[in-house]
Amino acid sequence: MSYKIKLQLFEGPLDLLLYLVKKDHLNIYDIPVAKVTEQYMVYLELMKSLDLNIAGEFLVMAATLIQIKSKMLLPPDPTEQLQEEQADPREELVRQLLEYERFKVIAQELRQREVNQQDVFKRPKPNEKDIPQSTPVYFEASIFDLITAFSKALEEIPKDIFYNVVKDEYSIEDKVHTILHLLLVRNSVTLTELFGQAKNKMEIIVTFLAILELIRIKEIIAQQKELFGEIEIVRNQNNIIPYERRNTAENN
């Protein structure tokens, strides 16, 4: 595919690490580096294979993880003084993750204060009987949630179809129109359903890139009813919880 998509959707490498830690309910103070490194490299390879615009810090973090993994595989240095404990190679990474998570929480609190301030000079509230029923609350899916769903779709393709060489009959532009047309007659569609309609690997890839493009131009939103749950695609609405607020929900 010659189409190279450049997105502003990406969080940084620390976001990906936090995502992997929380998705598998890992202890952030005792990160299994080998497991996290393997998963991180899988995500990185998927992004590279899709020609996504990956910032250099993702590669730097990959090198850092591999270095930490290598240090943890090495036996203790006998030249170290016995009374001094050797430093945990993960210590600096854990410090960065905790500090970054705190900054994200603070940033979200400031955004929430801004929203609350906008409500100070509102018109009087209507009577209770005039208040419409509350709409369901959703979480906004992150780019890593989308990549997880994409990876799962590829894994579920039968091997005889996966390796079948087919003529490239799909374009991102066509898929964009198909998805938008579908959302004209339906309120939402799940990512699983969109991928399930694909006839081969190439169509899944094109569908995924079309979804990313629609998110980039703010035509659709990818949302979840629960953290790491099924992803639904809807036309852009305002009743979505921003991705930054996921941290609060995860800690409750």
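Values quoted throughout were computed directly from the atomic coordinates according to the rules given, and no laboratory measurement underlies them. Small disclaimer: the values here were computed from a predicted structure and weren't measured. Heads up, the Cβs are rebuilt from the backbone with ideal geometry, glycines too, and the neighbour counts pull from every protein chain shown.
A few points about this structure:
- Note on residue 192/residue 45: beta-carbon distance plugged into 1/(1 + (r/R0)^6) with R0 of 30 Å gives a FRET efficiency of 0.85.
- Of the peptides 13-19, 23-29, 56-62, the ranking by mean beta-carbon count within 10 Å, highest at the top, reads 13-19, 56-62, 23-29.
- Pairs exceeding a 22 Å alpha-carbon distance, out of 22/218; 22/152; 152/201; 48/225; 175/201: 22/218; 48/225.
- Placing R0 at 35 angstrom, the Cβ-Cβ distance between residue 92 and residue 225 gives a FRET efficiency of 0.45 after rounding to 0.05.
- Gain on full stretching of the segment that runs from residue 184 to residue 110 - 0.36 nm per residue minus C-alpha separation: 23.1 nm
- Of the residues 90, 111, the one with the fewest other Cβ atoms within 10 Å heads the list, and the complete ranking is 111, 90.
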